[in-house]
1. Exactly one condition in (1) surrounded by fewer than 21 Cβ atoms within 10 Å (Cβ to Cβ); (2) at pLDDT 95 or above; (3) over 30 Å from B:Leu108 (Cβ atoms); (4) not aliphatic (A, V, I, L, M) is false for A:Lys51; which is it?
2. So, of the residues in the range A:68-107 that are at pLDDT below 95 and part of a strand (DSSP E or B), which turns out to be farthest from the other protein chains (Cβ to nearest Cβ)?
3. Out of the strands (runs of 3 or more DSSP E) lying entirely within the range B:1-64, which hold 1 or more residues that are small (Gly, Ala, Ser)?
4. Applying the selection to the range A:27-67, what residues are part of a loop (DSSP other than H, G, I, E, B) and polar (S, T, N, Q)?
5. Cβ-Cβ under 9 Å, sequence separation 6+ or interchain: first residue in the range B:98-110 and facing another protein chain (nearest Cβ under 8 Å) and crowded, with 20+ Cβ neighbours inside 10 Å, partner among the aromatic types (Phe, Trp, Tyr) and not in a strand (DSSP E or B). Which pairs?
6. Given (1) over 9 Å from the mean Cα position of the chain (by Cα); (2) buried (at least 16 other Cβ atoms within 10 Å of the Cβ); (3) under 30 Å from A:Ile55 (Cβ atoms), where does B:Phe64 come up short, assuming only one miss?
7. Does B:Arg96 satisfy the criteria of being over 12 Å from the mean Cα position of the chain (by Cα), among the basic types (Lys, Arg) and closer than 26 Å to A:Leu49 by Cα?
8. I need a count of the residues in the range B:10-45 that are closer than 19 Å to B:Lys104 by Cβ, within 13 Å of chain A (Cβ to nearest Cβ) and either modelled with pLDDT of 95 or more or surrounded by 13 or more Cβ atoms within 10 Å (Cβ to Cβ) (or both).
Amino acid sequence: NAGVMQNPRHLVRRRGQEARLRCSPMKGHSHVYWYRQLPEEGLKFMVYLQKENIIDESGMPKERFSAEFPKEGPSILRIQQVVRGDSAAYFCASSQQGWGYEQYFGPGTRLTVT
Amino acid sequence: AQTVTQSQPEMSVQEAETVTLSCTYDTSESDYYLFWYKQPPSRQMILVIRQEAYKQQNATENRFSVNFQKAAKSFSLKISDSQLGDAAMYFCAPGRDDKIIFGKGTRLHILP
């Protein structure tokens with residue numbers, strides 16, 4: 001049973017470009033979470049999705065960031081017009097049920113904005 | 001707002017010894033969950049242990065156990081018989097039905 005898959009593992013973008021981060025949850029998991037981790041910091045919650053629904057996006061910056069989890073295919077975190085401050089590791093996690101249950105994490109995508 | 005404090009940014013322990021990582025949190029909820037996650041140099045986040053706040057019995061997973069003091073809002077992690085593979089960042093993460101909040105982490109070094 002494959003774990004949570006994230007790609008790419010490393011992504012370099014110039015300021016102003018778009019970054020697209022993909023996450024395929026574990027088989028059978030319908031709950032997906034995105035987190036951001038700055039150096040030497042813990043994970044900060046960004047958004048919680050189920051298939052075709054955004055359940056909670058209270059951790060997402062109001063502008064430039066969006067997320068989706070379509071009926072078919074991976075969850076996508078999109079960052080438009082990236083700035084240097086967006087450089088971070090972005091982790092995706094999935095679970096069978098909601099918040100109280102174990103979240104399985106992907107390996108993360110390290111975004112570097114030059 | 002829920003807050004988490006891990007007061008030890010770094011700790012070291014001799015291999016085979018026991019170490020305790022501390023965590024305190026603040027919440028107004030009565031029913032919640034508590035997690036410890038481990039992040040080794042590979043950066044993969046791995047669940048170490050999970051505790052439900054309504055349970056009085058402390059959770060245990062092999063060499064890992066917690067000391068959960070609900071009234072004091074304290075949730076410490078004890079690692080017995082430390083091994084080199086335990087070297088990692090450890091994050092305390094209290095959660096409820098709509099969110100998990102991660103602490104800033106404690107970096108654990110294992111001395112051979």
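1. Unmet condition: (2).
2. A:Ser94
3. The strands (runs of 3 or more DSSP E) meeting that bar are B:10-14.
4. Within the range A:27-67, A:Ser30, A:Ser58 qualify.
5. B:Ile100/A:Trp99
6. That leaves (3) as the condition not met.
7. yes
8. 13
The values are calculated or read from the model by the stated rules, or taken from the named source; none is laboratory data. What you see is a predicted model; the values in this text were computed from it and never measured. A quick note on method: Cβ atoms are made from the backbone with ideal geometry, for glycine too, and the neighbour counts reach across all protein chains shown.
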